[in-house]
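Inspection log for the structure reproduced underneath, given as structure tokens.
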Amino acid sequence: MPAILNFCSGFSAMLATVATLTLAADYCPRRAEGFAFAVLMSIINLATALADNVGSFLYTHLFHNNLPPPVLISAAFTAFAFVLVPLLRLGDKRQGEPAASRSQLEPKGPAAR
């Protein structure tokens, strides 16, 4: 059972990471996708390590090995993230399409003059 739980947890984490990085690549300036990827991966790795340590500390010291409170805190932060999704202003943009603001930022080539 723990192997199935670990697999599902890893799969959902990678699915969320790929979706986040794809969205960021669509919205970052042209030819800066690698830099955006590196920065976001650094933030994700730092946040994961920090969340593991803070969650372990809370579980052990604050909640005295009681599991439901950390689960509720995790659910509350996830719900808060869903509240922030409309602030992304995605509109009708489909996956893989460049964002409208990205095309406006790109310099005009010789053919567009």
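Rule-based calculations on the coordinates, nothing more; no lab input. Everything numeric in this text was worked out from a predicted model, so none of it was measured. With ideal geometry, Cβ positions are generated from the backbone for all residues, glycine too; neighbour counts draw on all protein chains shown.
Sort out which residues of the stretch 78-89 are without any contact (Cβ under 8 Å) to a residue 60 or more places away in the chain and under 16 Å from Ala16 (Cβ atoms), and write them in order of number. It would help to see each step written out before you state the result.
Looking only at the stretch 78-89, we keep the residues that are without any contact (Cβ under 8 Å) to a residue 60 or more places away in the chain, and these are 78-87, 89.
Answer for the stretch 78-89, where residues must be without any contact (Cβ under 8 Å) to a residue 60 or more places away in the chain and under 16 Å from Ala16 (Cβ atoms): Thr78, Ala79, Phe80, Ala81, Phe82, Leu84, Val85.
If we keep just the residues of the stretch 41-77 that are in contact with a Phe, Trp or Tyr (Cβ under 9 Å, 6 or more places away or on another chain) and not in a helix (DSSP H, G or I), which is nearest to Ala16 (Cα to Cα)?
Per the stated criteria, the residue is Leu67.
Quickly run through the stretch 22-40 and pick out the residues that are in a helix (DSSP H, G or I), within 15 Å of the chain's Cα centre (by Cα) and more than 20 Å from Phe77 (Cα to Cα).
As a first pass, look at the stretch 22-40 and keep what is in a helix (DSSP H, G or I): 22-27, 33-40.
With the extra rule that they be within 15 Å of the chain's Cα centre (by Cα), the set shrinks to 22-27, 36-40.
Thr22, Leu23, Ala24, Ala25, Asp26, Tyr27, Ala36, Phe37, Ala38, Val39 - these are the residues of the stretch 22-40 that are in a helix (DSSP H, G or I), within 15 Å of the chain's Cα centre (by Cα) and more than 20 Å from Phe77 (Cα to Cα).
Please list, ordered by first then second residue, the pairs with beta carbon atoms under 8 Å, 6 or more apart or interchain, first in the stretch 21-42 and touching a residue at least 12 places away in the same chain (Cβ under 8 Å), second outside any loop (DSSP other than H, G, I, E, B) and polar (S, T, N, Q).
Tyr27/Ser101; Leu40/Thr20
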